[in-house]
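What follows is a short report on a single structure.
The values are calculated or read from the model by the stated rules, or taken from the named source; none is laboratory data. Everything numeric here is computed off the predicted structure, so don't read it as measured data. Cβ coordinates were reconstructed from backbone atoms using ideal geometry, including for glycine residues, and neighbour counts include every protein chain displayed. The accessibility values were calculated without ligands, DNA or RNA, using every heavy atom of the protein model including side chains. Shrake-Rupley method; radii C 1.70, N 1.55, O 1.52, S 1.80 Å.
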Amino acid sequence: MRQRIARSTIKEVASVSGVSTQTVSRVINDRPDVSPETRKRVQDVINKLGYQPSALARSLISQRSHTLGVVTAGLRYIGPSRTLSGIASAAEEAGYSLLLKELPKFDANNIVPIFQALLSRHVDGIIWAVPEIGENRKWVNNPPSDVEVPLVYLTMEPQKNIPVVSIDNYAGGRMAVSHLLEQGYRNIGHISGPLDWWEARQRMMAWKDALKEAGLEVKDNQWAEGNWSSASGAQAVEKLFEQYPEMDSIFVANDQMALSTLKAITEKGLRIPDDIGIVGFDNIPESAYFWPSLTTVQQDQYDIARVAVGEMIKIIESGWQGLDPINPKSIMLPPTLVVRQSSLRVREKDGGDTKEEQKKLM
């Protein structure tokens with residue numbers, strides 16, 4: 001027979017503390033009208049008894065659920081799954097639960113049932129964590145009229161009067177291509193992500209602009225499109241070998257495609273980075289353990305998630321405290337370049353780095 005775990009009650013806490021249940025409630029809800037001595041005594045008893053306030057009771061009293069709705073899609077991909085993990089971690093630290101809705105596809109536009117399902121559970125706010133793809137953001141300037149909770153969006157083009165948190169994909173692409181140029185590469189190809197994704201278009205635009213500013217031509221034969229998967233990266237690099245034989249380096253729009261590109265190049269007997277340099281995007285954990293290890297642009301999905309949750313809670317709390325509304329804003333977080341062996345070309349002692357000097361960079 002399963003043993004039932006007895007839960008302590010607010011009455012027990014009050015009795016042991018020598019105060020009323022109303023005082024215990026004030027301590028739990030962090031009300032200011034409790035003396036420091038009483039607050040400490042009650043908190044000590046709460047810790048000793050292991051008392052856990054009923055989330056349901058608290059929500060009935062405060063008319064708040066302390067729950068965030070999260071809409072996501074494509075959890076089989078590394079980016080969305082890491083973002084969701086970051087949202088869950090940040091929400092838990094802030095004392096919020098999550099109610100998750102995963103869309104069957106990225107470009108779902110039938111949003112009314114999604115909002116209705118979340119609002120029926122009385123969420124305090126909604127984080128829309130579906131990447132911007134095609135026209136799946138047409139409705140953001142005119143969401144359903146009955147959505148009266150705050151909305152924060154992730155991974156989309158900044159828009160006026162809409163709270164958005166994203167990585168600066170364009171800046172990351174510029175970092176990648178500038179690094180290859182600094183290493184002496186000039187025939188720099190590109191494997192893009194699917195170009196109906198805003199992120200993929202930003203990274204491709206950065207590749208084009210960096211080459212043009214360096215005085216280099218950009219032609220259609222210099223790039224191929226993938227779909228973020230490893231298999232598509234292998235197919236795209238084969239296409240580039242056929243149509244851009246003078247290629248000496250590649251900026252690949254994500255690490256999954258870049259790692260299969262590394263494999264395909266090595267199987268052709270080419271040396272990396274001497275014959276071809278590679279830079280990826282994401283800095284997934286595996287990128288450090290391939291040989292040669294992958295130079296890549298790091299975007300921290302955990303950081304994106306934490307900032308988004310922080311912004312959401314600020315908006316929620318300002319509303320409940322009767323403060324002035326927080327003006328919606330777009331936050332673009334800066335990426336960083338992680339330099340590893342796949343792009344560090346060995347140069348002669350003609351003013352360039354020696355092999356020994358380059359090892360210090362790894």
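Could you give the accessible area per residue of region 58-138, probe 1.4 Å, as a whole number in Å²?
Working: 3880 Å² over 81 residues.
So region 58-138 comes to 48 Å² accessible per residue, rounded to a whole number.
Per q in 0.10 1/Å, what log10 I(q)/I(0) does a Debye calculation on the alpha-carbon atoms of region 152-263 return?
-0.29
Taking the Cα atoms of the chain alone, what are Rg (to one decimal) and Dmax (as a whole number) in Å?
26.0, 82
Given H placed 1.01 Å from N in the peptide plane, which residues other than close sequence neighbours of L99 have an amide H under 5 Å from its amide H?
For L99, whose amide H was placed from the backbone, the distant partners under 5 Å are L68, G69, V70.
Which far-off residues, 5 or more places away or on another chain, put their amide H under 5 Å from the one on G189, with H placed in the peptide plane?
Placed amide hydrogens put D248, S249, I250, F251 under 5 Å from G189.
With a probe of 1.4 Å, find how much accessible area region 214-284 has per residue, and write the answer as a whole number in Å².
That works out to 41 Å² per residue.
Name the shape class, rounded, prolate or oblate, that the alpha-carbon gyration tensor gives for region 82-175, where a ≥ b ≥ c are the square roots of its eigenvalues, rounded holds for a/c under 1.5, and otherwise prolate holds if a/b is larger than b/c and oblate otherwise.
Numbers: a/c = 1.74, a/b = 1.21, b/c = 1.44.
It is oblate, given that a/c is not under 1.5 and a/b is not larger than b/c.
Given the pairs K160/K212; K105/K314; K138/K329; K105/K138; K11/K40; K219/K239, which are separated by over 21 angstrom at their Cα positions?
Pairs exceeding the cut-off: K160/K212; K105/K314.
Give the distance, in whole Å, between the Cα centre of region 69-129 and the Cα centre of region 139-182.
Region 69-129 and region 139-182 have Cα centres separated by 16 Å.
Where does each of 165-172, 39-46 land if you order them by average Cβ count within 10 Å, highest first?
Result, highest mean first: 165-172, 39-46.
Under 9 Å from the Cβ of N169, count the other residues' Cβ atoms, weight Lys and Arg +1, Asp and Glu -1, and hand me the total.
Once positives and negatives cancel, what remains is 0.
Please list the non-local residues whose amide H lies under 5 Å from the amide H of V164, H modeled 1.01 Å from N, same-chain partners needing a gap of 5 or more.
When sequence neighbours closer than 5 places are left aside, the close amide H contacts are Y153, K329, S330, I331.
Output wanted: per-residue J couplings in Hz (rounded whole) for region 15-21, from phi through Karplus 6.51 cos²θ - 1.76 cosθ + 1.60, θ = phi - 60°, x for Gly and Pro.
For region 15-21, the Karplus-derived couplings read 5, 5, 7, x, 10, 7, 5 Hz, x marking Gly and Pro.
Give me the angle, in degrees from 0 to 90, between the Cα long axis of helix 198-213 and the longest principal axis of the Cα atoms of the chain, rounded to the nearest 10.
40 degrees
Nearest 10 degrees, 0 to 90: what angle lies between the long axis of helix 301-320 and the longest principal axis of the chain (Cα atoms)?
With rounding to tens, the tilt is 30 degrees.
Would you list the P(r) distribution for region 184-250, with all Cα-Cα distances sorted into 5 Å bins from 0 and each bin expressed as a whole %?
3, 19, 27, 26, 18, 6, 0
List the relative contact order of the chain as a percent without decimals, with contacts defined as Cα pairs under 8 Å and 6+ residues apart.
Relative CO of the chain lands at 15 percent.
Mind checking the angle between helix 36-49 and the chain's longest principal axis? C-alpha axes, 0 to 90 degrees, to the nearest 10.
So the helix axis and the longest Cα principal axis differ by about 80 degrees.
Return the calculated 222 nm mean residue ellipticity for the chain, to the nearest 500 deg cm²/dmol, obtained by summing -39500 (n - 2.57) across DSSP H runs with n ≥ 4 and dividing by the residue count.
Calculated mean residue ellipticity at 222 nm is -12500 deg cm²/dmol.
Once neighbouring chains are kept in place and the probe is 1.4 Å, which whole percent of the accessible area of region 132-193 is contributed by carbon and sulfur?
Answer for region 132-193: carbon and sulfur cover 42 percent of the accessible area.
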